[in-house]
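The values are calculated or read from the model by the stated rules, or taken from the named source; none is laboratory data. Quick caveat, the model's predicted, so the values are computed rather than measured. We place every Cβ from the backbone using ideal geometry, glycine too, and count neighbours over all the protein chains shown. Surface accessibility is based on the protein's heavy atoms, side chains included, excluding ligands, DNA and RNA. Shrake-Rupley method; radii C 1.70, N 1.55, O 1.52, S 1.80 Å.
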Amino acid sequence: MIFIPMWDGSLGCSSYLVGDSAGGKALVVDPLQNLGADSYILSAAEQGLEIVAVVETHVHADHHSAARELAEKLGIHVSLSHKAPAAFAFNPLHDGDVIDLGYVSAQLWETPGHTPDSISLLIADTTRSQEPWAVLTGDSLFVGDVGRPDLADPTVDAVKAAARDQFQSVQRLMNLEDTTEIYPAHYGASACGGLFLNHKPMSTIGFERKWNRFVQLTDPEEFTNQLLALLKPPPEGAAAIRSENLGQDA
Amino acid sequence: MTAQEFLQTVQNGQSVFLDLRAPHAYSQSHPAGAYNFPFHRQNWGGAVKQALQGQTPPIGIFVDNSVVAAAAQESLVAAGLTVAFAFDKGLKAWQAENLPVEQVKDLTVDELRQNLDQYVVIDVREPYELRSGIIPGAVAIPMGQLQNRLNELDKSKAYAIVCASGNRSASVSSFMSQQGFDVSNVVGGMSLWIGSRHPVERP
């Protein structure tokens with residue numbers, strides 16, 4: 001498996017190029033405008049990979065996405081959760097869908113909470129094991145933290161409902177083996193996490209099970225209360241960035 | 001310059017034609033007369049210049065993506081080379097224009113395992129790499145020696161070429177195919193053969 005994290009430290013954003021070294025097929029997850037669509041095409045070419053899918057783990061509100069530009073240059077549609085309210089044509093993904101890259105595959109879990117359209121991708125390399133080796137958790141589960149529930153819809157009831165969804169999604173991710181690596185969409189100072197978001201860009205399910213304070217809360221009400229109590233101010237221009245990423249004219 | 005005109009200059013030995021795609025794509029099928037020189041961002045043009053050993057023929061590039069084509073042209077020009085021809089629409093478009101291609105067959109490790117008796121397997125890895133095990137019955141000929149040892153091979157037999165990952169074997173396969181041998185490239189190489197728990201012999 002070829003697995004290349006592509007980071008933008010200025011906003012604490014992570015994107016990923018994941019491919020099958022044998023068959024040469026790859027997918028890109030959460031491409032960043034700050035890095036530029038071309039950097040993904042050139043990285044893939046350098047690795048001998050052909051990008052066959054561009055996936056967003058959710059419609060972002062904190063940074064500009066390069067997903068549509070990249071997909072256009074490749075002549076394909078962006079893949080998004082079927083729940084994404086995007087204004088452009090996209091390839092809708094559902095829970096359990098598998099993106100098959102040959103010996104490498106990405107299975108999709110819907111993990112709503114941060115946004116209703118949040119998904120996680122379970123990455124397996126079948127030359128090693130059928131078991132997922134890594135999970136790209138988007139803004140569902142972070143290193144030391146979980147994604148904030150207030151950016152898609154900031155009304156009080158919606159935020160509470162989103163926080164309860166986030167609780168369920170985090171608990172679901174905890175069904176994975178301890179050895180599964182976690183690669184989220186953010187780290188460091190990103191505004192999408194809370195106070196405990198670590199500067200380290202990856203972790204494991206086992207480490208988060210032991211040491212992530214939100215994972216350890218077993219009562220959904222307490223989870224919701226703590227999550228809301230620890231919210232940072234929303235990222236600057238969040239609504240405008242989100243509508244641009246949704247393809248709605250600003 | 002049209003593709004036909006450029007190919008004529010390649011045939012006459014005046015120009016060099018480079019296929020920038022990955023080895024596995026090249027090995028399946030590529031424009032006739034093109035060498036495989038996969039693109040990378042670390043002074044790729046300089047690497048081409050080095051491979052040309054002091055000569056500066058006009059260069060043609062073939063790839064399936066305009067972003068890579070633009071970066072490659074820039075890199076060649078920066079290295080002081082001349083780009084005479086560029087095709088960035090990939091193999092289907094090339095074939096749609098009735099332009100000539102050369103092909104090599106691909107073989108998965110599972111297919112090879114099932115039909116092992118139908119192939120002569122050539123392992124083109126270096127001697128030190130063979131310690132991880134070789135496919136039972138395989139003949140070891142390091143890539144660098146193959147050109148001089150073609151007389152040991154038989155054009156009536158079917159050859160399966162294997163290396164560590166499938167890259168070197170792709171180059172060897174297309175070379176042997178051009179020499180008129182019946183060859184298949186083992187995709188994924190020994191890492192996939194061993195990873196799939198197929199049997200190996202220890203030399």
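Taking a straight line from the alpha carbon of A:Lys210, these lysines sit under 20 Å away, with near neighbours fewer than eight places off in the same chain left out: A:Lys200. Ligands, DNA and RNA left out, the accessible area of region B:104-195 computed with a 1.4 Å probe is 46% carbon and sulfur.
Among A:Ser140, A:Ser21, A:Ser129, the largest mean-square fluctuation in a Gaussian network model of chain A, built with springs joining Cα atoms closer than 10 Å, belongs to A:Ser129. Name the shape class, rounded, prolate or oblate, that the alpha-carbon gyration tensor gives for region A:8-133, where a ≥ b ≥ c are the square roots of its eigenvalues, rounded holds for a/c under 1.5, and otherwise prolate holds if a/b is larger than b/c and oblate otherwise. Judged from the Cα gyration tensor, region A:8-133 comes out oblate (a/c at least 1.5, b/c at or above a/b). Listed values for region B:165-178 are Karplus-derived 3J(HN,Hα) couplings in whole Hz (6.51 cos²θ - 1.76 cosθ + 1.60, θ = phi - 60°), namely 10, x, 7, 4, 5, 5, 5, 4, 4, 5, 4, 5, 4, 5, and x replaces Gly and Pro.
Do any residues of region A:10-40 lose at least 40 Å² of accessible area when the full set of protein chains is present rather than just their chain alone, and if so which, with a 1.4 Å probe? Going by heavy-atom accessible area, the residues of region A:10-40 that drop by at least 40 Å² are A:Ala22.
Applied to region A:155-164, the Karplus parametrisation 6.51 cos²θ - 1.76 cosθ + 1.60 on θ = phi - 60° returns per-residue 3J(HN,Hα) values of 5, 4, 5, 5, 5, 5, 5, 5, 5, 5 Hz, with x for Gly and Pro.
Let a ≥ b ≥ c be the square roots of the eigenvalues of the Cα gyration tensor of region A:93-143; is it rounded (a/c under 1.5), or, if not, prolate (a/b larger than b/c) or oblate? In terms of gyration-tensor shape, oblate. A convex hull fitted to the Cα coordinates of chain A yields 108 cubic angstrom per residue.
Computed from backbone phi, the HN-Hα couplings of region A:88-104 come to 10, 5, 9, 8, x, 9, 10, 3, x, 4, 10, 8, 9, 10, x, 7, 10 Hz, rounded to whole numbers (Karplus: 6.51 cos²θ - 1.76 cosθ + 1.60, θ = phi - 60°; Gly and Pro given as x). Looking at region B:93-153, the pairs of alpha carbons with a distance over 19 Å make up 52% of the total. Counting only DSSP beta bridges whose two residues both lie in chain A, roughly 65 percent are antiparallel.
Reported to the nearest whole Å, the Cα centre-to-centre distance from region A:110-169 to region B:1-58 is 46.
Counted over all Cα-Cα pairs of region A:141-250, pairs farther apart than 24 Å make up 25 percent.
Let me know the whole percent of all Cα-Cα pairs from region A:5-61 that are separated by more than 16 Å. So the pairs more than 16 Å apart make up 39 percent of the total in region A:5-61. Between A:Met174 and A:Asn91, the FRET efficiency from the beta-carbon distance, with R0 = 41 Å, is close to 0.90.
For region B:1-130, the spread of Cα positions along the three principal axes, ordered from largest to smallest, is 48, 39, 29 Å. Solvent-accessible area per residue in region B:104-195 equals 45 Å², computed with a 1.4 angstrom probe and all protein chains kept.
Beta bridges from DSSP with both residues in chain B: antiparallel share about 15 percent, rounded to the nearest 5. Which of these, B:Lys155, B:Lys105, B:Lys92, has the largest mean-square fluctuation under a Gaussian network model of chain B (Cα springs below 10 Å)? Between B:Lys155, B:Lys105, B:Lys92, it is B:Lys92 that shows the largest mean-square fluctuation. All distinct Cα pairs of region B:104-195 go into the 1/r average, and the inverse of that average, the Kirkwood radius, is 12.7 Å.
Under a 5 Å amide H cut-off, with hydrogens placed 1.01 Å from N, B:Ser29 pairs with B:Val104 among residues at least 5 apart or on other chains. Measuring only protein heavy atoms, the 1.4 Å probe finds B:Lys89 accessible over about 140 Å².
One Cα centroid belongs to region B:78-135, the other to region A:182-229; the line between them spans 46 Å.
Residues whose amide H lies under 5 Å from that of A:Thr204, counting only those 5 or more places away or on a different chain, are A:Ile182; hydrogens are built 1.01 Å from N in the peptide plane.
Largest to smallest in accessible area, the residues A:Ile4, A:Ile205 fall in the order A:Ile4, A:Ile205 (1.4 Å probe, all protein chains included). Pairing chains A and B buries close to 1300 square angstrom of accessible surface in total, based on protein heavy atoms and a 1.4 angstrom probe.
Taking all protein chains as they are arranged and a probe of 1.4 Å, the heavy atoms of B:Met143 leave approximately 70 Å² accessible to solvent. Largest GNM mean-square fluctuation across A:Asn91, A:Asn175, A:Asn212, computed for chain A with C-alpha springs under 10 Å, falls on A:Asn175. Of all DSSP beta bridges confined to the protein assembly as shown, the antiparallel ones make up roughly 45%.
Computed over protein heavy atoms with a 1.4 angstrom probe, the accessible surface ordering of B:His198, A:His64, largest first, is A:His64, B:His198. Return the subset of A:Lys25/A:Lys73; A:Lys25/B:Lys92; A:Lys73/B:Lys92; A:Lys73/B:Lys105 for which the Cα-Cα distance in this structure is over 19 Å, preserving the input order. Too far apart for the 19 Å limit: A:Lys73/B:Lys105.
Net charge dipole, chain B: roughly 340 debye, given to the nearest 20, about the Cα centre with Cβ charges of +1 for Lys and Arg and -1 for Asp and Glu. Here B:Tyr128 and B:Glu102 are evaluated by their C-beta separation; at R0 = 30 Å the FRET efficiency comes out at 0.40. Here B:Ala158 and A:Ala240 are evaluated by their C-beta separation; at R0 = 60 Å the FRET efficiency comes out at 0.45. Inverting the pair-averaged 1/r between distinct Cα atoms of the protein assembly as shown gives 24.1 Å as its Kirkwood hydrodynamic radius. Between amide H atoms placed 1.01 Å from N, distances below 5 Å from A:Ser21 occur with A:Ile2, all of them 5 or more places distant or on a separate chain.
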